[in-house]
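Presented below is the structure to which this report refers.
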Amino acid sequence: MKVKRSERLIDMTRYLLENPHALVSLTFFADRYDSAKSSISEDLTIIKKTFKDRGTGILETIAGAAGGVRYIPSITEEETEEFITQMCERLSEVDRLLPGGYVYLSDMLGEPAVLKTIGKIIATQYLNQRVDAVMTVATKGVPIAQAVSTYLDVPFVMVRRDSKITEGSTVSINYVSGSSNRVEKMELSKRSLKRGSRVLVVDDFMKGGGTVNGMKSLIEEFEAELVGITVFAESTFQGNRMVDDYTSLLCVDEVDVRNKSIHVKPGNYFEKSVKKTD
């Protein structure tokens, strides 16, 4: 049964948004709506322009018999800047500082709208790079990894600090915690990551960088390749941080333990983004 153009446009947009990075042929849409390919092509031109004008993402056209269209999610620099400014204000709220200099993030990272935006921002950073998997360590980095992997349409793998029977055989390494200087252990199921995979590491918070450095070592054990490292927030660190090539959305630059107050500024995201486009 033929579908009205207005309904067709709405359903096509919904389908593309729900299937990021999937190559969809014109034949698929033509059969779905019982419409000519020429009409489908006109519709896709409208959607492509709207996505671009609204900063929704890129609708990539692939020519040839095996071609079609692919929706690549992205976010504009203006939206990113506005979001990071809001997060700086929220993270600077009174009583977010916890004993040991840790920052309370659980409420923010439990909000779907916040997570969706974080996922899209990080995915946009790696728009032009091949990513096969997103890696994080249990447990607070998991929601961020899920959000990023959704927009990149790749699996996410979770590194654990303790073994689980349900994980099967694992690869484990010892690493030095950057903030406490203690030797700790992390492990990953052998089935989680294929050899040669290109891996993006994400986490919620970084101090000395020991945990992130441990994940780098795990990636090497799997004979995989590190694509990049992005954390939601970092704190200033007295001493030698164990990783130096990373991206942060936020930076905790002032801490007053006595008054339990902190000051947060934007991280190096925009600086890193500029370098990637140069």
Does Glu89 fit the bill of being outside any loop (DSSP other than H, G, I, E, B), over 18 Å from the mean Cα position of the chain (by Cα) and either in the same structural domain as Phe270 (by TED's automatic domain parsing) or at pLDDT below 95 (or both)? yes
Criterion violated by Leu16 - all others in (1) in contact with a Phe, Trp or Tyr (Cβ under 7 Å, 6 or more places away or on another chain); (2) modelled with pLDDT of 95 or more; (3) not in a helix (DSSP H, G or I) satisfied: (3)
Looking at (1) farther than 25 Å from Asp132 by Cβ; (2) of a type in the set (Gly, Ala, Ser); (3) crowded, with 21+ Cβ neighbours inside 10 Å; (4) in contact (Cβ under 8 Å) with a residue 40 or more places away in the chain, can you tell me which one Ser261 breaks? (3)
On the basis of being buried (at least 18 other Cβ atoms within 10 Å of the Cβ) and small (Gly, Ala, Ser), does Gly57 make the cut? yes
Filtering the stretch 21-32 down to residues that are under 19 Å from Pro73 (Cβ atoms) and in contact with a Gly (Cβ under 8 Å, 6 or more places away or on another chain), which residue is surrounded by the fewest Cβ atoms within 10 Å (Cβ to Cβ)? Leu23
Test Thr211 against the stated conditions and say whether it is β-branched (Val, Ile, Thr), in a helix (DSSP H, G or I) and closer than 25 Å to Ser149 by Cα. yes
With respect to Leu98, is the statement that it is within 19 Å of Asp204 (Cα to Cα), in the same structural domain as Val257 (by TED's automatic domain parsing) and crowded, with 18+ Cβ neighbours inside 10 Å true? no
Quick check: is even one residue across the stretch 99-119 small (Gly, Ala, Ser), touching a strand residue (DSSP E or B) at 6+ places or on another chain (Cβ under 6 Å) and assigned to a loop (DSSP other than H, G, I, E, B)? no
Among the residues of the stretch 248-278, which ones are of a type in the set (S, T, N, Q) and within 26 Å of Asp95 (Cα to Cα)? Ser248, Asn259, Ser261, Asn268
Can you tell me which residue in the stretch 101-117 is nearest to Val227 (Cα to Cα), limited to those that are buried (at least 18 other Cβ atoms within 10 Å of the Cβ) and in contact with a Leu (Cβ under 7 Å, 6 or more places away or on another chain)? Leu115
Exclusive hit being part of a strand (DSSP E or B), among the β-branched types (Val, Ile, Thr) and closer than 27 Å to Ser149 by Cβ, set Ile84, Ile72: Ile72
Would the stretch 171-186 turn up any residue that is modelled with pLDDT of 95 or more and either among the β-branched types (Val, Ile, Thr) or farther than 19 Å from Ala133 by Cβ (or both)? no
Check on Lys194, surrounded by 14 or more Cβ atoms within 10 Å (Cβ to Cβ), at pLDDT 90 or above and in the same structural domain as Pro155 (by TED's automatic domain parsing): no
All strands (runs of 3 or more DSSP E) inside the stretch 120-200 with 3 or more residues being under 14 Å from Val212 (Cβ atoms) and β-branched (Val, Ile, Thr): 133-137
Of these, Met87, Met108, which one is among the hydrophobic types (A, V, I, L, M, F, W, C) and closer than 27 Å to Gly214 by Cα? Met108
Restricting to the stretch 125-152, and then to whatever is without any contact (Cβ under 8 Å) to a residue 40 or more places away in the chain and within 10 Å of the chain's Cα centre (by Cα), can you tell me which residue is surrounded by the most Cβ atoms within 10 Å (Cβ to Cβ)? Ala147
Checking Met87 against (1) closer than 23 Å to Pro143 by Cβ; (2) touching a His at 6+ places or on another chain (Cβ under 8 Å), which test does it fail? (2)
Candidates Ser41, Ser6, Ser35, filtered to the one that is in a helix (DSSP H, G or I), surrounded by 14 or more Cβ atoms within 10 Å (Cβ to Cβ) and among the small types (Gly, Ala, Ser): Ser41
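The values are calculated or read from the model by the stated rules, or taken from the named source; none is laboratory data. On a predicted model such as this, the values are computed, not experimentally measured, just so you know. Positions of Cβ are generated from backbone atoms using ideal geometry, with glycine treated the same way; all protein chains shown enter the neighbour counts.
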